[in-house]
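A.B. asks: My questions all concern the structure below.
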Amino acid sequence: GAVVSQHPSWVICKSGTSVKIECRSLDFQATTMFWYRQFPKQSLMLMATSNEGSKATYEQGVEKDKFLINHASLTLSTLTVTSAHPEDSSFYICSALLSAQETQYFGPGTRLLVL
Amino acid sequence: GDSVTQMEGPVTLSEEAFLTINCTYTATGYPSLFWYVQYPGEGLQLLLKATKADDKGSNKGFEATYRKETTSFHLEKGSVQVSDSAVYFCALTLNQAGTALIFGKGTTLSVSS
């Protein structure tokens, strides 16, 4: 089946530092990937749509200069949380669109804790 | 706008009980419908999907039928197990290239032995 990985799975950082999260589609190519954020016991909130070779499309209220997204290849998208603050602590989940199946496959998520 | 509404949880059942989690949607056009499951501390896994009216998605004993007339996609399982304890998300996507999923709020299922 289609597999999506994320790295790291867990990260703890100091306030003011930047954190990069990688999302890889392991056995298929994905022109489109998505980044979601999930708060405890809540649903997923779409942050941005990442398209290979072009700028990401951010949802309203998501700061593009704070959450930098790069989709440099058909199997890799990265999310960089710049100058992280405690309120950025959350569970970040990516998904990759397998176009042939019209289905998104999700990574296992990255739990970020900013101290 | 497009949206998904799920029944409020948590749902607490005994092992081997029948499960129904209601899901209704509002969408322009003809969406594809999905159920995703999230086990504690993990990401989402696709459970089943249906892409057109009257399609039935099924997997691991779970099933859901795309009902256009009632705009519903209720999840059912005849006999739940403790290992089914998780959060279940109903979601839709519009059938346009590159559109994101719209999720319901999720329903927590807890199954006891």
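A.B. asks: Looking for whichever is within 14 Å of another protein chain (Cβ to nearest Cβ), among the aliphatic types (A, V, I, L, M) and touching a Pro at 6+ places or on another chain (Cβ under 9 Å) here; the options are B:LEU92, B:LEU46. Which one fits?
C.D. replies: B:LEU92
A.B. asks: Let me ask you something else. Considering region A:48-87 alone, what residues qualify as being touching a residue at least 40 places away in the same chain (Cβ under 8 Å), among the hydrophobic types (A, V, I, L, M, F, W, C) and within 22 Å of A:SER15 (Cβ to Cβ)?
C.D. replies: Within region A:48-87, A:LEU79, A:VAL81, A:ALA84 meet the criteria.
A.B. asks: From the residues in region A:54-71 that are of a type in the set (Gly, Ala, Ser) and within 12 Å of chain B (Cβ to nearest Cβ), which one is most open to solvent (accessible area, probe 1.4 Å)? Spell out how you get there, then give the answer.
C.D. replies: Just the residues of region A:54-71 that are of a type in the set (Gly, Ala, Ser), to begin with: A:54, A:56, A:61.
Still in the running and within 12 Å of chain B (Cβ to nearest Cβ): A:54, A:56.
On the way: A:SER54: 66, A:ALA56: 22 Å².
Looking at residues that are of a type in the set (Gly, Ala, Ser) and within 12 Å of chain B (Cβ to nearest Cβ), I get A:SER54.
A.B. asks: Looking only at region A:44-53, count every residue that is at the interface with chain B (Cβ under 10 Å from one of its Cβ atoms) and surrounded by fewer than 19 Cβ atoms within 10 Å (Cβ to Cβ) and tell me the total.
C.D. replies: Residues meeting the conditions: 3.
A.B. asks: Let me ask you something else. Report, by residue number, each residue of region A:76-115 that is hydroxyl-bearing (Ser, Thr, Tyr), under 13 Å from the mean Cα position of the chain (by Cα) and away from chain B (no Cβ under 14 Å).
C.D. replies: A:THR78, A:THR80
A.B. asks: Return only the number of the condition from (1) more than 30 Å from B:GLY9 (Cα to Cα); (2) free of Cβ contacts under 8 Å to residues at least 12 places away in the same chain; (3) charged (D, E, K, R) that A:LYS41 does not satisfy.
C.D. replies: (1)
A.B. asks: How about region A:72-84: which of its residues are modelled with pLDDT under 95 and surrounded by fewer than 15 Cβ atoms within 10 Å (Cβ to Cβ)?
C.D. replies: A:ALA72, A:SER73
A.B. asks: Are any residues in region B:1-31 assigned to a strand (DSSP E or B) and either without any contact (Cβ under 8 Å) to a residue 60 or more places away in the chain or more than 12 Å from the chain's Cα centre (by Cα) (or both), and if so, which ones?
C.D. replies: B:SER3, B:VAL11, B:THR12, B:LEU13, B:SER14, B:THR20, B:THR24, B:THR26
The values are calculated or read from the model by the stated rules, or taken from the named source; none is laboratory data. The shown structure was predicted, so the numbers you read here are calculated from the model rather than taken from an experiment. Don't worry about glycine lacking a Cβ; one is built from the backbone with ideal geometry, like all the others, and counts go over all protein chains shown. Accessible surface is based on the protein model in full, side chains and every heavy atom, while ligands, DNA and RNA are left aside. Shrake-Rupley method; radii C 1.70, N 1.55, O 1.52, S 1.80 Å.
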